[in-house]
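Asks: Take a look at the following structure, please.
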Amino acid sequence: MHEISKNKEPNILAKYRMVLGSVFDGGDFTVVKDAIKKSLLDEQGYTCAYCMNGIKASNMKVEHWASRKTHPNLQLTYTNLLGCCKGNEGEPKENQCCDTRKGNSPIKYSPAEPNDHINKTIIYLGDGRIKSNDISFNEEINLILNLNLDRQVKNRLEAIIRVKRSLAIKDGNRSQENIVKMISKINKRNGNNKFIPYYGIMLHYLSKKLRG
């Protein structure tokens, strides 16, 4: 996870919400949902809000951080919406992650809520695991979001390895100046407005290295 700066909601969503009886996935919602997906992908740099794997419009879910079942009044509130991967949808629950695994369960913090300070709330470990010093949220990371699923841990570890290899390309490349340059590069989107998948753990690793 990494902090997400929310865009202004799509105009078409604001208009749809004003229609009496409007609900998420209700009548004439397809074009609205497409606009929501486009906006979520744009603000998240085409990465999943939870695991940070790459996502695209044809292979993503619109997640309600506060679920529609428990908070129906927030189902069309843009600040409550996140873009997520499919989370191994269709597989046994133990193999699922992110929104698919979460379902209607609540979690304590949202990557899109500035006051939750998600970048300080979570910790990336050198072996690819993710944790939090907040005991209840740490349980949610593992039991509700299942972010330490073997595949996810492996993907994050591979991301760290790529960073280490880049730092080791030539002598002296571990200088603070070069680490700062790498942080800046990873923090930028490419020409297609995409972040590198799992860039959160890359930034965490480099920032920690910079601090010594």
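Asks: Express in nm, to one decimal, how much length is gained between Glu177 and Asp42 on full extension, taking 0.36 nm for each residue of separation and deducting their alpha carbon distance.
Replies: 45.6 nm
Asks: Continuing with this model, one more query. Using 0.36 nm per residue of separation minus the Cα-Cα distance, give me the extension gain between Glu94 and Asn193 in nm, one decimal.
Replies: Using 0.36 nm per residue and subtracting the Cα-Cα distance, I get 32.4 nm.
Asks: Round to the nearest 0.05 the FRET efficiency obtained for Leu210 and Asn115 when R0 = 22 Å and r is the Cβ-Cβ distance.
Replies: E between Leu210 and Asn115, to the nearest 0.05, is 0.25.
Asks: Taking only the alpha carbons of segment 53-133, what extent do you get along each of the three principal axes, in Å, biggest first?
Replies: Sorted largest first, the three principal extents are 39, 33, 23 Å.
Asks: Quick one: compute the contact order of the chain, relative version, from alpha carbon pairs under 8 angstrom and 6+ residues apart, as a percent.
Replies: 21 percent
Asks: For segment 86-212, what percent of Cα pairs sit more than 17 Å apart?
Replies: Within segment 86-212, distances greater than 17 Å cover 64 percent of Cα pairs.
Asks: Then there is this: Taking only the alpha-carbon atoms of the chain, what semi-axes of the equivalent ellipsoid follow from 5 times the gyration tensor eigenvalues under a square root, in whole Å, largest first?
Replies: So the three semi-axes of the chain are 32, 19, 15 Å.
Asks: To continue, here is another question. What trypsin sites (Lys or Arg not before Pro) does segment 130-203 have in DSSP loop regions with at most 16 other beta carbons within 10 Å?
Replies: Filter output for segment 130-203: Lys170, Arg174, Lys188, Arg189.
Read the figures in this text as sums done on the coordinates, not as results from a lab. Values in this document were obtained by computation on a predicted structure and should not be read as measured data. Here Cβ is always computed from backbone atoms with ideal geometry, including for glycine, and neighbour counts include all displayed protein chains.
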